[in-house]
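Data block below; observations after.
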Amino acid sequence: MSDTRFTVVINNKKYDVEVYEQGDNVFLVKIGDREYIVHLSDEFLEEVEKQEEEEVTSMLTRAIEESVARTQQPLYHAEEQGLILTSEFPGRLVKLLIKEGDLVNQGQTVAVVESMKMMIEIRSPYRGKVKKVLAQEGKFIDVGQAISVIEPL
């Protein structure tokens, strides 16, 4: 798959999308001013190779729309329960240092994300009680993806 550029419409808003191959099954996807690291399965890539360029764009658009829908849906539900702690970096969540029911202090490290070969600590911006953990250790997370819901104290 070569570098690709196209436009998608999500929730009636247009976004310019750029896709750059980074390595085996790993792509950098730029949507507007945000960047995401995307890992695609061999099966998906095999299907892409069989398609015409228009169909590839359509497949990528659907995948992006589904991904956005999955990451946004829990956010709206969780906002009713407390404040949402999100990641500012795409990467692998290598350590999750909290669990439901834990008390966290402002500035406390709650997770560590590996992004671009750097370990980045994610700290709680407020004091509170962890109501729900929304991310899993070892999984990849995107910019803005919810990690946990914290009820302020």
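How large is the translational diffusion coefficient of the range 82-152 in µm² per second when you combine the Kirkwood radius over alpha carbon pairs with Stokes-Einstein at 25 °C and 0.890 mPa s?
Translational diffusion coefficient: 210 µm²/s.
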Open item on the list: I'd like the Karplus ³J(HN,Hα) series for the range 121-127: coefficients 6.51, -1.76, 1.60, θ = phi - 60°, whole numbers in Hz, and an x wherever there's a Gly or Pro.
Closed with: 7, 9, 10, 6, x, 8, 8
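Read-outs: derived from the displayed coordinates by stated rules, not from any lab. Source: prediction; values computed, not measured.
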